[in-house]
Amino acid sequence: MDKNFEFYRNQFFHEMRDILEHVNQDLLVAETDVENVELLNSIFRGIHTIKGSAGSFELPEISELAHHLESLLSLLRDKKLTLNSDMVDVILDTVDSLFEMLNSREKNEIQSLNQELVQRIKKFLPSTTKVETVKTTVKSKKSDSLIPDSIQSELEPFINSHKNVYQVQLKYTDDDISNGYDPLVFLKNLKKVSDYYYANPAMDKIPDIYNFELYKFYLRTEIYIATNLSKEEILDLTFDPELISVQVIADVESSQNKLSPELLDEFKTNSLELLESLESLIIEYEKKNSIEALNKIFRIIHTIKGDIDYVGIVFIKPLLIEFENLLDYLRKGNIIKDKKTADIILRASDEIKHYVLSISDKVKESKNVLAITDEIKSYIALKLKKQISPIKLNTGSDSISGNPKLSTSILNNFVQKLIQYKETLVFYKENKVDINELVDSIQKIIKVNEFLKISELDSVLSKCQEIFIDFEQNPENEILLKKCIQKVIDFISGLEGNSKKLGEILIEEKKLSPDDINHALQLQKLLGEILVDSGKVNEEDIEHALDRQELMSIAKNKKSEITKNFDSNTMRVDEKKIDLFSNLAGELIIARNTYEYLLTLWDNKNYEESLKLFKDNFHVFSRISSEIQTAVTNLRMTPVKGLFQKFYRTVRDVSHRQKKTIELLTKGEETEIDKKVSDALSDPLLHMIRNSCDHGIESIEERIQKGKPEKGTITLEAAQRGSNVIITIRDDGKGLNRKAIYDKAIQQGIKVNSIEDDSLFQCIFLPGFSTAKVITDVSGRGVGLDVVMTSIKELGGNIEIHSQEDIGTEFVLTLPMSMGITNALMVKVGDSRYAIPLENVLETVKIRPQKLKRIIDGYGFYFRGEVLPLETLENILNTHKENRKQIDLEDTNELSVVVLKSKNEKFAFIVDALLKNMELAIKTVPDTFSHLRYIDGVSILGDGMVVLVLNIEELIGE
Amino acid sequence: MPKKLLIVDDAESMRGLISITLKSNGYEVIEASNGRDALTKMSGQKIDMIISDLNMPIMDGIEFIIQVKANAATKMIPIVMLTTESDQEKKEKGKQAGAKAWMVKPFKPEMLVDVVKKVIG
């Protein structure tokens, strides 16, 4: 695909996600602030944009869903409906669904429209099929004044037979006449198209012969006509619409189906865009027989069909329905393409285009549309009849091929389909449907049975097909067919509501073992999951049996949390930040050019001056490089706002579900944090906030009892402290149960300080420390707090807990602001240099060897009242035990010691020399060395030397 | 008696297309390649309508329209200008000179017939 297109498409996905997130937020605010029209407007605009853009990017299902949502929102915006929490639920679900659709599309998959959701939206909409009774009499009364009394009675029958009645006036100027433009041509044409034509000549305005000027236009006539034409069509009778004026007197249809001009315009633009792409698609389909093109055509028509309902252009709907049917048959292979197919599709799309272009302010009729609708209908009927025999052959060959074992839920799904089709059969028996529809249904049943392989059904169905072939030749056939159909009906009825029986049948048929069925029954999962999980069905087989898309969509139906887990590898950057880069790059080039100049200076042996200038330039360079470094780090920084805002939704949902009122407050949203950290924080934070809602905040009754405000509050706060970001989650709930945790810890043999110390709470992060019964009655779901702790640790962060009973709990997360650049202490051991992250370094000291004490098989020394174990770094890194370096306790030289802290311990290393602190750009360890766990990463120094960054936690562990 | 139309356009292919279309609809057609040529060919003829391009060598469409409208004998002949989207300014000039009808190029031949019918029937 076109690179440019890809680029804009990616951008589109970004924009859409942004919009949806905004909508999410706005909506939550709107729920509490129902009167805020601006918010609703903003939501409406967002969804509107999605609808439009998705259409342009050929994502019809997204466009369609957005469209339904838009209709609801437009009513809300116009205050025809009031937002309530049920609506908010539906809208939020729709937004989620849009998210999922977008994500699927980004991965080049299609998630089909969730019809159930659409129905839920539609429930809020006033029914569109309100047919107003036409009150022509009232209308004509209103316009009485326009019609001269003399023709009132003549016009009445035309008004009553739903003709449009207009008053037409000529606005030709004298100049027009003198330049040869004759109004009579128009009048003649007008008369031709009118069922009733009356011209009031207004003779009194024509002067007598003496005052008559040759080229002056006196014919200020008023013309009354009754016609089928629209106002636009009348205006189109002249070469310049300014030459006449047309006034509507009675316009029956327009009053009946008055279309909103805004909606219509929008519909026009959207559908014209779609229709324009249609032509090339049809040609592609014709030439290459491309199924993809056919699918696209189908989706376009489907979208337009959805739109017209909304806009209210009902006249064209039958055409679209037939058109869609035809395309559907083609897609499913029920009708096989022939020379005429592309032609009929092209013409149908042309008619739709013409019609759409021609509608102005009202629904009108068009003979062409009717003609093409009929044509498609008869074409479908003709083709379906003709193709019965080839399809039968296909069935035969297919049934020989492999027969996958099926799980019952899939089968149930198919049985449901059978039951649907059964209806048509029943209707046929009662002579309510014609043979074509019946053929269609039988075809479908055959398709389904290809998958089910129920032999009983198979034989009856092939009998049916045989009958179809010479159906008309043999009068007995009808009776035969009815008999066959009765068998099919009986069979399907037997399946209805009795899936067990189906299972039995299948066992009898030896298609499934009882174990298989039991297994499937146990897995009360959705079809999609079974499809994916059990692997008992492969996709190809499904394709044979059913339209693939349909099944894929079911497979997708499992409630995925893609929205939340979506990990995008791209990020948006503030333009200002980019500008800064351009500036720095400019400066960098200047500095480089200075070098060039300085080198020539050097060549001219101007040593002293050039050396000075070299030094100057070096400073310029170091300034620029450090600025660039800051800028790069900065580039990765995003405000926590984006992260925080997701949680409004979480809090809302959880509080609704638990019937609590909880408010989420966020503070310090502008605090910036590395995007990687931010992404990785999303899940742990979500879990903690859910915890706070679930376990922290009490039920309303409990809160009232305790004299607390009914509404619970959770505060999410971010602040920067040095190179760390502190995120606090605070609730005013019941707090942690200190005593219970203490008892539990003692019981599990965990070493704890005192019951008063907040470090006690760290226990709840321990894996296997079951808090469920201790702290709350409700047990948490999903990841436990130990997982939260692990992910925070992975980010190089830490969690502290403060809690007071009945006052609340506070989780304080300390996280590094950025990843990648670390301050490190460089030390020398032998010939190598190592880097120790500064966050692990407590202190560096120089001590005399005499002060060391032997402790068991190592050394120790007094350090600020504690005895710290001590070892040379060389020995720790050296795996050859026999070459261990011994410390010469008699040596007079001082030893360089680094005091380190890890989670719980302090430890000291002896190194050969302490070098300086440096900022290091740390790269991850190449995979080949990843087994060396005491190495955190590598970095390259200015002189090209590689240093290893030590992972102190791992080292101390060893 | 068939109506007689004058086609003024410097592009031979264009003239050809227009003239074939009109002839097949029962009109009589005279062709001219620029304004001067057209004025010459008009003399002594009874012309019912003029279809004129605007951008032509020797005498352009505007000058031609002005000349036609300045002459009392030809003033009453309705004119349809052939314009392109970028010709707005010229189109206005043509309108001032008395040519009220126009067609934007490119057009389908049937549309031209449609306009002719709207102007002279």
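Those residues that are surrounded by 13 or more Cβ atoms within 10 Å (Cβ to Cβ) and more than 19 Å from A:S178 (Cα to Cα), I need them from the stretch B:98-110; list them, please.
Listed by number, the residues that qualify are B:M103, B:V104, B:K105, B:F107, B:P109.
Can you tell me which of A:D398, A:D338 is at pLDDT below 65 and charged (D, E, K, R)? Don't jump to the end; show me each part of the working.
Values: A:D338 fails: at pLDDT below 65.
When all the criteria are applied, what remains is A:D398.
When only residues in the stretch A:159-192 that are assigned to a helix (DSSP H, G or I), in contact with a Ser or Thr (Cβ under 9 Å, 6 or more places away or on another chain) and more than 19 Å from B:V115 (Cα to Cα) count, which is farthest from the other protein chains (Cβ to nearest Cβ)?
A:N160
Among the residues of the stretch A:208-227 satisfying the criterion of being of a type in the set (S, T, N, Q) and at pLDDT below 80, which is farthest from B:D114 (Cα to Cα)?
Ranking the candidates gives A:N211 first.
Given the conditions (1) at pLDDT 80 or above; (2) more than 14 Å from chain A (Cβ to nearest Cβ), and given that B:L17 satisfies all but one, which numbered condition is not satisfied?
Only one criterion in (1) at pLDDT 80 or above; (2) more than 14 Å from chain A (Cβ to nearest Cβ) is unmet by B:L17, namely (1).
Going through A:L736, A:L766 one at a time, which residue ends up being modelled with pLDDT under 80 and surrounded by 12 or more Cβ atoms within 10 Å (Cβ to Cβ)?
A:L766
Condition check: in contact with a helix residue (DSSP H, G or I) (Cβ under 7 Å, 6 or more places away or on another chain) and not in a helix (DSSP H, G or I). Does A:L98 satisfy that?
Here the answer is no, as A:L98 does not meet what is asked.
If you scan the stretch B:28-58, which residues turn out to be within 14 Å of chain A (Cβ to nearest Cβ) and either acidic (D, E) or assigned to a loop (DSSP other than H, G, I, E, B) (or both)?
Filtering the stretch B:28-58 down to residues within 14 Å of chain A (Cβ to nearest Cβ) leaves B:42, B:46-52.
Across the stretch B:28-58, the qualifying residues are B:K46, B:I47, B:D48.
Out of the stretch B:25-41, which residues are closer than 19 Å to B:A11 by Cα and either buried (at least 16 other Cβ atoms within 10 Å of the Cβ) or in contact with a Phe, Trp or Tyr (Cβ under 6 Å, 6 or more places away or on another chain) (or both)? Let's see the steps before the verdict.
Step one: list which residues in the stretch B:25-41 are closer than 19 Å to B:A11 by Cα, which gives B:29-41.
Matches in the stretch B:25-41: B:V29, B:I30, B:E31, B:A32, B:S33, B:N34, B:G35, B:R36, B:D37, B:A38, B:L39, B:K41.
I'd like to check something: does the stretch B:86-97 contain any residue that is at pLDDT below 80 and of a type in the set (S, T, Y)?
yes
The values are calculated or read from the model by the stated rules, or taken from the named source; none is laboratory data. Please read these numbers as outputs of a predicted model, since none were measured by experiment. Positions of Cβ are backbone-derived with ideal geometry, glycine not excepted, and every protein chain shown enters the neighbour counts.
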